[in-house]
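Derivation of every value follows stated rules applied to the coordinates shown; laboratory data play no part. Worth saying up front: this structure is predicted, and the values here are computed from it rather than measured. Every residue, glycine among them, receives a Cβ derived from its backbone with ideal geometry; neighbour counts consider all protein chains shown.
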Amino acid sequence: MPEFHPFSSDTLRPLAGLKVRDEQTTFVASNLMTMAQSIFEPGSKIYGIWEKATPVGLLAVVDMYHPEADLDEGDDPDGIYIWRLMVDQAHQGRGHGRAALEFAKSIACERGRSKLVISVVDEPGGALPLYKKFGFRPTGRIVDGEVELIMGLV
Ligand SMILES: CC(C)(COP(=O)(O)OP(=O)(O)OC[C@H]1O[C@@H](n2cnc3c(N)ncnc32)[C@H](O)[C@@H]1OP(=O)(O)O)[C@@H](O)C(=O)NCCC(=O)NCCS
C-alpha cells in the first residue's frame, strides 16, 4: 500500500522526474507543469505517491468548495476534483492508481464533500475503464475535450 505525502520543496525533484509511457503523455500534464499550474489553481493540493522511500506517482486534487476555485458553469462546489493522477511507467499496474482514487475519496470524506469528480481523455489506453470500474459514472458533459465523471459519496 503506497503512502501519500503532500508535495514539498524536498520532494519537488524526485516527483518532477517521474514519467508516464511515451504513448500516455497526451493523457496527463507533466508533473513539473502541474506543480507550476498549482500556483494559479486555488484550492489545489499535490501529493506524492510513495512506496517507502521510492516516489511512484503524483495525485493532485482541487477542493471545489474553495472560495476562489475556478469552477465551470454548472459545477457543484460540493466536491473534490481529481485534477491530475499519474503513476510512473516503471510502477504501473501494481494498484497505485486505485489506491490514489481511494485516497482522494478519503480526502473528500474528511472535508465533508459529497462527491468526487474527474475528467479523462476518452482514447484507447486511457484511464476511463479504470474510473468506471472504481465507481465513477459519466455526467454526460464534455469539459475541455474530456469526459467528465462523478461519484457520489453519501
Ligand atoms: C491511469 C493510471 C494512473 C493507473 O495507475 P496504475 O497504478 O497503473 O493502476 P492500478 O494498478 O491501480 O490499476 C487498477 C485497475 O485499473 C486497470 N487499469 C489501470 N490503467 C488502465 C488503463 N489505462 N486502461 C484500462 N484499465 C486500466 C487495471 O488493470 C486494474 O484493474 P483490476 O483492479 O481489475 O486489476 C496509470 O496507468 C497512469 O499514470 N497512466 C498515464 C496517465 C493517465 O492516463 N492518467 C490519468 C489521467 S485522467
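Couple of notes before you dig in:
- Between Glu3, Glu41, Glu23, the distinction of being of a type in the set (Asp, Glu) and out of contact with any strand residue (DSSP E or B) (no Cβ under 8 Å at 6 or more places or on another chain) belongs to Glu23 only.
- The set of residues in segment 83-114 that are surrounded by fewer than 18 Cβ atoms within 10 Å (Cβ to Cβ), in contact (Cβ under 8 Å) with a residue 24 or more places away in the chain and farther than 22 Å from Val56 by Cβ comprises Cys109, Arg111, Ser114.
- Qualifying residue in segment 73-80 (condition: of a type in the set (Gly, Ala, Ser), in contact with a Gly (Cβ under 9 Å, 6 or more places away or on another chain) and touching a residue at least 24 places away in the same chain (Cβ under 8 Å)): no
- Any hit, segment 67-90, residues being within 16 Å of the ligand (Cβ to nearest atom), farther than 19 Å from Gly152 by Cα and among the β-branched types (Val, Ile, Thr): yes
- Near pairs, Cβ below 6 angstrom, 6+ apart or cross-chain, from segment 117-137 (among the charged types (D, E, K, R)) to any residue that is more than 9 Å from the ligand (Cβ to nearest atom): Asp122/Val147
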